[in-house]
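Student: Before I ask anything, let me first share the structure, which is written out below as structure tokens.
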Amino acid sequence: MTTAAVQNENQYMVDLKDRWSAFKSENQNVRIRNAAEALDVSEAELVATGIGETAIRLKPEWGKILKRLPKLGEILCITRNDDAVHEKVGKFGAVSVNPGSAIVVNRDIDLRIFFSHWHFGFAVQEETKKGIRKSLQFFDLSGTSVHKVYMREESDHDAYDQLVEQFRAENQYDEITTTPHAPLPAEASDDKIEVDRMRQHWLALQDTHDFIEILRDFGVSRQQALRLVGEDLAFEVSPSAFRYALEKASETDLSIMVFVGSRGCIQIHTGPIDRVIEMGGWLNILDPRFDLHVREDQIDKAWVVRKPTRDGIVTSLELFDADGRQILTMFGERKPGQAELEDWTALCAELPK
């Protein structure tokens with residue numbers, strides 16, 4: 001980068017810091033993701049304006065950082081996309097790091113992580129009405145959040161400080177170069193899809209995780225596959241089916257699984273739910289250790305999907321927005337080697353069409 005380019009970048013960050021400060025003073029309760037949208041910048045850029053004051057850039061050693069998170073004790077994990085926010089309180093259990101991915105397995109904190117979408121990481125300390133709030137925040141190449149870990153009062157703050165010191169990047173520069181997400185690829189026309197062969201492969205599934213290979217092998221989008229495969233394997237239900245499913249699960253103490261994903265992380269809740277509440281256009285689960293917030297008005301399509309496995313049929317409720325992006329997926333609680341809960345199967349069969 002030329003000297004002039006560096007100077008321009010530095011001036012841009014100075015100007016952005018001033019804009020961000022002015023915006024916060026006029027919108028004191030605004031969330032940083034919403035502020036980034038209003039200022040037409042990325043969230044990571046706003047966080048980076050605090051380097052040297054409220055933020056520390058971390059080395060991109062994501063697997064090693066994850067391995068240290070069990071030492072933090074009880075924390076709050078947040079994974080979100082544009083239309084759903086998944087918040088879980090708990091402790092990190094076993095962390096398994098593989099080339100390009102990681103798995104965190106615990107009933108409370110249950111994550112599937114994809115490092116190809118982890119590009120920026122920060123330790124953040126913000127002043128709030130309740131005191132200093134410490135967090136670890138990770139972003140993709142577009143500057144969009146993929147995962148956040150927040151410390152709680154009972155967390156091990158010494159372990160947090162040691163982690164930050166160990167993984168503090170040598171260069172604490174505040175410049176962030178982001179690249180916007182590419183648009184979703186256009187669907188192939190239906191008449192180009194080998195529907196009969198796709199259906200045969202679907203019926204031969206032994207594990208739900210192999211479903212993504214069907215989409216890849218036949219060149220179909222997820223919703224296109226649901227639309228074409230046949231109503232015995234996938235059928236559309238009303239967008240209101242999600243509210244119906246949550247309320248029924250709450251009333252009957254049905255144990256469910258809720259998956260919410262960013263590009264770089266899928267976060268999973270397993271267990272019963274209690275308080276289902278609508279507020280300000282969001283449909284919420286507000287339980288002591290699990291919060292879910294879903295923009296109900298952004299649910300454009302909802303599908304009940306049935307996948308064969310070696311343990312029997314596994315049924316999911318899948319939600320999509322108007323751009324075809326998946327909002328979340330919901331299952332009945334199950335583990336490998338166990339059949340699906342009969343009450344969940346029955347609930348999916350009665351969802352409003």
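Student: What's the number of the only condition in (1) surrounded by 14 or more Cβ atoms within 10 Å (Cβ to Cβ); (2) over 30 Å from Ala102 (Cβ atoms); (3) without any contact (Cβ under 8 Å) to a residue 60 or more places away in the chain; (4) not β-branched (Val, Ile, Thr) that Asp300 fails to meet?
Tutor: Status for Asp300: all satisfied but (3).
Student: Something else about it: I'd like the full set of residues that are in a strand (DSSP E or B) and either among the aliphatic types (A, V, I, L, M) or out of contact with any strand residue (DSSP E or B) (no Cβ under 9 Å at 6 or more places or on another chain) (or both), limited to the range 260-295.
Tutor: Residues of the range 260-295 that are in a strand (DSSP E or B), as a first pass: 260-261, 265-271, 276-279, 282-286, 290-295.
Selection gives Val260, Ile266, Ile268, Val276, Ile277, Met279, Leu283, Ile285, Leu286, Leu292, Val294.
Student: Okay, next question. Against the condition surrounded by 15 or more Cβ atoms within 10 Å (Cβ to Cβ), part of a strand (DSSP E or B), out of contact with any Ser or Thr (no Cβ under 6 Å at 6 or more places or on another chain) and not aromatic (Phe, Trp, Tyr), how does Val95 come out, does it pass?
Tutor: Details: surrounded by 15 or more Cβ atoms within 10 Å (Cβ to Cβ): yes; part of a strand (DSSP E or B): yes; out of contact with any Ser or Thr (no Cβ under 6 Å at 6 or more places or on another chain): yes; not aromatic (Phe, Trp, Tyr): yes.
Yes; evaluated as a whole, the condition is true for this residue.
Student: Is at least one residue of the range 168-176 in contact with a Ser or Thr (Cβ under 9 Å, 6 or more places away or on another chain) and either under 17 Å from Ala225 (Cα atoms) or hydrophobic (A, V, I, L, M, F, W, C) (or both)? I'd like the intermediate steps shown before the answer.
Tutor: Keep residues of the range 168-176 that are in contact with a Ser or Thr (Cβ under 9 Å, 6 or more places away or on another chain), which gives 174, 176.
Next, from what is left, pick out any that are either under 17 Å from Ala225 (Cα atoms) or hydrophobic (A, V, I, L, M, F, W, C) (or both): 176.
Yes: one or more hits.
Student: Continuing with the same structure: Scan the range 174-224 residue by residue and report those that are assigned to a loop (DSSP other than H, G, I, E, B), under 30 Å from Gln338 (Cβ atoms) and in contact with a Leu (Cβ under 9 Å, 6 or more places away or on another chain).
Tutor: If we filter the range 174-224 for residues that are assigned to a loop (DSSP other than H, G, I, E, B), which is where we start, we get 174-189, 193-194, 204-207, 219-221.
Then drop every residue that is not under 30 Å from Gln338 (Cβ atoms), which leaves 204-207, 220.
If the condition is that a residue be assigned to a loop (DSSP other than H, G, I, E, B), under 30 Å from Gln338 (Cβ atoms) and in contact with a Leu (Cβ under 9 Å, 6 or more places away or on another chain), then Val220 is the only one that fits.
Student: Of (1) surrounded by 19 or more Cβ atoms within 10 Å (Cβ to Cβ); (2) of a type in the set (Asp, Glu); (3) not in a loop (DSSP other than H, G, I, E, B), Glu340 satisfies all except one. Which?
Tutor: (3)
Listed here are the residues, each with its yes/no results for (1) closer than 15 Å to Tyr150 by Cβ; (2) surrounded by 20 or more Cβ atoms within 10 Å (Cβ to Cβ).
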site	(1), (2)
Gln11	no, no
Arg19	no, no
Ser25	no, no
Arg33	yes, no
Leu46	no, yes
Arg57	no, yes
Gly73	yes, no
Leu76	yes, no
Asp82	no, no
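We did not get these values from a lab; they are worked out from the coordinates using the rules stated. Owing to the predicted nature of the structure, the values given are computational and were not obtained by experimental measurement. Heads up, the Cβs are rebuilt from the backbone with ideal geometry, glycines too, and the neighbour counts pull from every protein chain shown.
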